[in-house]
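Coordinate-derived values only; no laboratory data. Given the structure is predicted, the values throughout are model-derived calculations rather than measurements. Cβ placement follows ideal geometry from the backbone for every residue including glycine, while neighbour counts extend to all protein chains displayed.
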Ligand code: HEM
């Protein structure tokens, strides 16, 4: 009996824990995007040709995390009826694809050492962030 209860408790803990983790993956990707974005914003205030590879690496981190985020579902979807949820998830995936493509442009700018263009592209990404959050982020 004691063993059965302990096993049940373990399953309960596991289910709760993995549920919380699945929910948080998108937030974790967003945190990684934020860290790389902020660093790049700072670095590109006084860009150095010698540090080009570091800048490209930061933008590549953003791209990888955007691709991970694309495969996840925003928490906001949980409160919607199935039809609206499907439409919302499709819209989210399209926005995330556009965001990824905009990061590709940033990577090209960085590789070419076109710092003005790269700074402009960072501003574009910022606008896409605002739009993405307005449309797909749950209000607290
Ligand atoms: C430079 C670009 C971006 C930055 C710096 C950024 C940053 C963040 C941050 C800091 C959070 C909060 C994470 C937390 O609660 O711990 C967040 C959440 C979120 N972001 Fe972004 N974001 C960006 C672009 C985008 C884009 C393009 C989309 C949609 C296409 C998006 C969709 C979301 C969603 C849906 C959440 C809520 C997380 C959830 O539902 O689990 N973000 N983002």
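Which residue, of 58, 41, 72, is touching a residue at least 60 places away in the same chain (Cβ under 8 Å) and within 20 Å of residue 102 (Cα to Cα)?
41
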| task | Residues being buried (at least 20 other Cβ atoms within 10 Å of the Cβ) and not in a helix (DSSP H, G or I): count how many of those fall in the stretch 45-67. | result | 0
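Given the criteria away from the ligand (no atom under 11 Å from the Cβ), touching a residue at least 12 places away in the same chain (Cβ under 8 Å), in a helix (DSSP H, G or I) and farther than 23 Å from residue 140 by Cα, does residue 98 qualify?
Values: away from the ligand (no atom under 11 Å from the Cβ): no; touching a residue at least 12 places away in the same chain (Cβ under 8 Å): yes; in a helix (DSSP H, G or I): yes; farther than 23 Å from residue 140 by Cα: yes.
Judged against the criteria, residue 98 is not a match.
Quickly run through the stretch 107-130 and pick out the residues that are touching a helix residue (DSSP H, G or I) at 6+ places or on another chain (Cβ under 7 Å), free of Cβ contacts under 8 Å to residues at least 60 places away in the same chain and either within 14 Å of the ligand (Cβ to nearest atom) or under 14 Å from residue 66 (Cβ atoms) (or both). Reasoning before the result, please.
Taking the stretch 107-130 and keeping what is touching a helix residue (DSSP H, G or I) at 6+ places or on another chain (Cβ under 7 Å), we get 107, 109-111, 113, 117-118, 121-122, 124-125, 128.
In the following step, the residues that additionally are free of Cβ contacts under 8 Å to residues at least 60 places away in the same chain were identified as 107, 109-111, 117, 121, 124, 128.
Passing the criteria: 107, 121, 124, 128.
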| field | Number of the condition not met by residue 92 [criteria: (1) touching a helix residue (DSSP H, G or I) at 6+ places or on another chain (Cβ under 6 Å); (2) within 11 Å of the ligand (Cβ to nearest atom); (3) not in a helix (DSSP H, G or I)] | value | (3)
